[in-house]
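So the structure is just underneath, and the comments pick up after that.
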Amino acid sequence: MTQEPKPITPSNRLPLFYAVTALFWFALYVYVPFVAPFGEEMGANLRMLGLIGGAYGFTQMVIRFPLGIISDRLGRRKIFVLLGLLFAAASGFVVFFFPSPNMLLVSRALGGVAASSWVTFIVLNSAYHPPGEATKSVGYLNGANAWGTMSALLLGGIIAHWVGVPYAFLLGGGAGLVALALGFGIREKRTAHTADASSAIHKKTPPPSVKELLGVAKNRFLLFAAMLAVLVQFVRFASTFGFTPLVAHGLGATPLQLGLLGVVAAAPGLVVSPLAGTVLPRVLGVRGTLAGGFVLSGVSVAVIPFTQHLWQLFVVQIVGSVGAIAAFTLLMGLCIRDITPERRATAMGFFQAVYGLGMFLGPFVMGWLGHSISLEAAFVTAGAVGLLGAALVFAQKY
């Protein structure tokens, strides 16, 4: 007797969804270690490099919250995921075909537009899992993120070393197109208010009003989590995804070594991301996990400019990444813990728009301080921001 085939549902499309997620971050990060050194080689000064790095966070800061509101109003996630994949492809292609500091700025801005769709990735993912497993589901999703990012940084380093840095951007554009093609196979659970307007379901559960959605931003815990996330992203984008590659370049790092430096920053996410939503809060407590993460990332960044050898920079990068990933993953899950499902895209959009401020200010402040004073002073300042986050963790009940 033959078994009836299982119906196609969103939950049994999870492997495809995680594969698309990995390719999405592959497309966005395959060239990241080379942005600052490549821009410097093309004549950009530290202030311009700060603007280039900050553009990625600036567009997210502007787009993510309204995108979350629109997604919740429509009850749709997949369309925004597909648009994000399209912009991810475009961000790589523009630099390959039109290499210049200005196109690097455009590329990072387009990458920020693409990354803004991450809010809908997270909410779509949460719909595949039982209620009450918000932090666990985010941990799994961030695991796919880490796989995509790590493989991108490794392969990008190899391509840049043997073929040339511009081809890392071409690879990012190609990966974005592959992800877009696969993305059409994603299934989503439609919320009740997306049913036909004449249906009883639609009449019983109309979409939340814009006023109700804006009210989500008043949630005290969401605000606090977002504020802490600003500090995490300030530190990460000032260093790991900003000016640390310049320090490595100054120590004689090859393109392959720059890629490997990115790999060791992403690799802890394969283990830390799932643990941050499950084991670490049980062992260390939420407060202990967050505070420990901030301390590790802050101290590590402060000592970066004083490293004398590449191997020292690699060690510091690993330690700092463990702390930043643990804190950030936990904050992502906590920010929607007390938010109803139909408003989670709005809450996550708000959360991500706010932490986009850190992604913008981190590179911008680093570039300004580095140009005006010194890179050493800039890195020490970024480290102090991490320690400030550790202190603020104790201001909230969990």
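The values are calculated or read from the model by the stated rules, or taken from the named source; none is laboratory data. Remember, it's a predicted structure, so these values are computed and weren't measured experimentally. Note that we place each Cβ from the backbone using ideal geometry, even for glycine, and neighbour counts take in every protein chain shown. Surface areas here come from the heavy atoms of the whole protein model, side chains and all, with no ligands, DNA or RNA. Shrake-Rupley method; radii C 1.70, N 1.55, O 1.52, S 1.80 Å.
Points worth noting:
- You will find that of Gly53, Gly84, the residue that is closer than 14 Å to Met103 by Cα and among the small types (Gly, Ala, Ser) is Gly53 and no other.
- Unique match (being hydrophobic (A, V, I, L, M, F, W, C), open to solvent by 20 Å² or more (accessible area, probe 1.4 Å), in a helix (DSSP H, G or I) and in contact (Cβ under 8 Å) with a residue 12 or more places away in the chain) among Phe351, Phe394: Phe394
- Pairs with Cβ under 9 Å, 6+ apart, first in region 64-76 and under 13 Å from Pro341 (Cβ atoms), second of a type outside the set (A, V, I, L, M) and open to solvent by 60 Å² or more (accessible area, probe 1.4 Å): Asp72/Glu342; Gly75/Arg190; Gly75/Glu342
- Among residues of region 43-80 being among the polar types (S, T, N, Q) and either closer than 25 Å to Ala181 by Cβ or surrounded by 24 or more Cβ atoms within 10 Å (Cβ to Cβ) (or both), the one that is nearest to the chain's Cα centre (by Cα) is Gln60.
- Among the candidates Val385, Val319, the residue that is of a type in the set (Val, Ile, Thr), touching a residue at least 12 places away in the same chain (Cβ under 8 Å), under 28 Å from Val113 (Cβ atoms) and not in a loop (DSSP other than H, G, I, E, B) is uniquely Val385.
- Close contacts from region 171-182, counting a first residue that is within 9 Å of Leu85 (Cα to Cα) and open to solvent by less than 70 Å² (accessible area, probe 1.4 Å) and a second that is of a type in the set (Val, Ile, Thr) and part of a helix (DSSP H, G or I), with Cβ to Cβ under 7 Å and a gap of 6+ residues or different chains, come to Ala179/Val20.
- Qualifying positions in region 146-164 - assigned to a helix (DSSP H, G or I) and open to solvent by 30 Å² or more (accessible area, probe 1.4 Å): Trp147, Met150, Ser151, Leu154, Leu155, Ile158, Ile159, His161, Trp162
- Tally, over region 329-343, of residues that are open to solvent by less than 20 Å² (accessible area, probe 1.4 Å) and either in a helix (DSSP H, G or I) or at pLDDT 85 or above (or both): 6
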